[in-house]
Amino acid sequence: VGKFGNEIFSWDLSAINYHIKNKINFRIVFNYNNIINSIIYWSPSKGFVSSKHKNYTQELFRIAKNLENNNNRIFPSSKEIILYENKSFMHKFFSKNNINSPVTMIFKSISELENSTLNFPIILKGEFSSGSSDIYRFNDKNSLLNFLKNNSYLDSFDNILIQEFLDIRMDLRVTIIKDEVVLFYWRKNPSNEWKPTASSYGSYIDFNEYPKKWKKFIIEEFKKTNMPMGAFDIAWDKDDLSKKPYILEFSPRFSPNPPINFKSKFSYGNWKKYLFARNPYWKAQADFIDKLNSKYITCIRADYIN
């Protein structure tokens, strides 16, 4: 269903590979509507549902919930999927579970926002998006309102998300399975000017120097999610690692950057672009997804199935 992508295919193929290696019987099903009394592994994504659904996360949640109502156990489950690229639900979830994150306000309309008091600068975030898409900084209310009234932002999202501004040039992506950090890397913006930290904005990837001081804190924050696997985006205001870190976002299904050390000035971003390099990014990512998914399936089989 939906658009083909190497990453989605890698998650699916790794699940198949796991069952073959461990001699566990399985079947591949394309029409999921009539599945009952089964254990299901799937790779939900925006491309899985019709483009007519603005809130694609809600549609993915509906699919998962319907399968669970048919006495299936589905992984990722509906409680994981509701957090997938759903920032409104995510920040309400953070607040409810006392997960330390930047102050985030959710407005249902421009008029509601107009009558509010905001401390600028602020960050405007897209409600359903990923990879640093739909993130904007505004220094005053007039420029924010002008953008909202003269832009297609509200055509794509149901709510307006305003977040406290953190003056950062880097953030930390930490991937955890159960209580083990299985991957971490920094996304560092080499410019003095603030901008989103995705590599598409010119940031570089650094796999060194995990902040050991905050190891316990990060694991404890992850445990609050009650999820078997997920990735945190973490930042420190003014990049001061002595301060308490903020959890910017959480994703139960994510795009892992496989660790690699370059011996030249060849950047991580450039590596992603070359399909036919000696060790291409897509192959390294597929191999790494296979390792992660093997840990994930082993975990859920032990804690949720057996």
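The values are calculated or read from the model by the stated rules, or taken from the named source; none is laboratory data. Keep in mind that this is a model prediction, so the values were computed, not measured. Cβ: placed from backbone, ideal geometry, glycine included. Neighbour counts: every protein chain shown. Side chains included, ligands, DNA and RNA excluded: accessible areas come from the protein's heavy atoms. Shrake-Rupley method; radii C 1.70, N 1.55, O 1.52, S 1.80 Å.
State in Å² the accessible area per residue of region 16-132; use a 1.4 Å probe, count heavy atoms of protein chains only, and round to the nearest integer. The partial results should precede the final answer.
Details: 6320 Å² over 117 residues.
Per residue, region 16-132 has an accessible area of 54 Å².
When 1/r is averaged over all different Cα pairs and the result inverted, which Kirkwood radius in Å belongs to region 112-209?
Computed over Cα pairs of region 112-209, the Kirkwood hydrodynamic radius comes out at 15.3 Å.
Could you state the accessible area per residue of region 146-282 in Å², with a 1.4 Å probe and every protein chain left in place? Don't skip to the answer; put the middle values down first.
Working: 7090 Å² over 137 residues.
Using a 1.4 Å probe on heavy atoms only, each residue of region 146-282 averages 52 Å².
Using only the alpha carbon atoms of region 142-189, find the Kirkwood hydrodynamic radius as the inverse mean reciprocal pair distance, in angstroms to one decimal.
When all Cα pairs of region 142-189 are included, the Kirkwood radius is 14.4 Å.
Sorted by accessible area with a 1.4 angstrom probe, largest first, how do Asp237, Asp171, Asp303 fall? List each step's numbers first, then the result.
On the way: Asp237 35, Asp171 10, Asp303 80 Å².
I get Asp303, Asp237, Asp171, largest accessible area first.
In Å, what Kirkwood hydrodynamic radius results for region 1-73 from the alpha-carbon pair distances?
Numbers: mean 1/r = 0.0744 Å⁻¹.
When all Cα pairs of region 1-73 are included, the Kirkwood radius is 13.4 Å.
Note down the accessible area of Asp158, probe 1.4 Å, to the nearest 10 Å².
Roll a 1.4 Å probe over it and Asp158 shows about 70 Å².
Cross-link candidates for Lys21: which lysines have Cα within less than 19 Å, leaving aside residues fewer than 8 places away along the same chain?
Here the lysines satisfying the reach criterion relative to Lys21 are Lys291, Lys295.
Please state the charge dipole magnitude for the chain, taken about the Cα centre, from unit charges on C-beta atoms (+1 on K and R, -1 on D and E), reported in debye and rounded to the nearest 20.
Numbers: 44 positive and 31 negative charges, 168 e Å.
In total the dipole reaches around 800 debye.
Leaving out ligands, DNA and RNA but keeping every protein chain, what accessible area does His53 have, in Å² rounded to the nearest 10, with a 1.4 Å probe?
About 60 Å², ignoring ligands and nucleic acids.
What do the square roots of 5 times the Cα gyration tensor eigenvalues come to for region 159-241, in whole Å, largest first, as semi-axes of the equivalent ellipsoid?
Numbers: eigenvalues 104, 51, 31 Å².
Semi-axes, largest first: 23, 16, 12 Å.
Lys and Arg at +1, Asp and Glu at -1: add these up for the other residues within a Cβ distance under 14 Å of Asn142 and post the number.
It works out to a net charge of 0.
Say the cut-off is 26 Å between C-alpha atoms; which of Lys216/Lys238; Lys46/Lys87; Lys52/Lys149; Lys243/Lys283; Lys96/Lys188 go over it?
The pairs that break the limit, which is 26 Å between Cα atoms, are Lys243/Lys283; Lys96/Lys188.
To the nearest 10 degrees, how steeply does helix 281-300 sit against the main Cα axis of the chain, on a 0 to 90 scale?
Helix 281-300 sits roughly 70 degrees off the main axis of the chain.
Measure out, as a whole number of angstrom, how far apart the alpha-carbon centroids of region 211-252 and region 138-187 sit.
One Cα centre to the other: 16 Å.
Leaving ligands and nucleic acids out of the surface, order Val49, Val29 by accessible area at 1.4 Å, largest first.
Order by accessible area, largest first: Val29, Val49.
Given a 1.4 Å probe and the protein chains all in place, what does the accessible area of Glu112 round to, in Å² to the nearest 10?
Accessible area of Glu112: about 80 Å².
Once you mark the trypsin sites (Lys or Arg not before Pro) that are in a DSSP loop and have at most 12 other Cβ atoms within 10 Å, what is the longest gap between them in the chain?
Longest run free of exposed loop sites: 109-242.
Under the classification rounded if a/c is under 1.5, otherwise prolate if a/b is larger than b/c and oblate if not, where does region 43-108 fall, given a ≥ b ≥ c as square roots of the Cα gyration tensor eigenvalues?
Values: a/c = 2.64, a/b = 1.51, b/c = 1.75.
It is oblate, given that a/c is not under 1.5 and a/b is not larger than b/c.
If I compute solvent accessible area with a 1.4 Å probe over the protein chains, what percent of it on the chain is carbon and sulfur? Provide the component values of the computation, followed by the final result.
On the way: 7940 of 16230 Å².
Ligands and nucleic acids excluded, carbon and sulfur reach 49 percent.
Could you pull the Rg and Dmax for region 164-306, using just the Cα atoms, both in Å?
Both quantities, over Cα of region 164-306: 16.0, 52 Å.
Provide Val181, Val103 ordered by accessible surface of protein heavy atoms (probe 1.4 Å), highest first.
Highest to lowest solvent-accessible surface, that is Val103, Val181.
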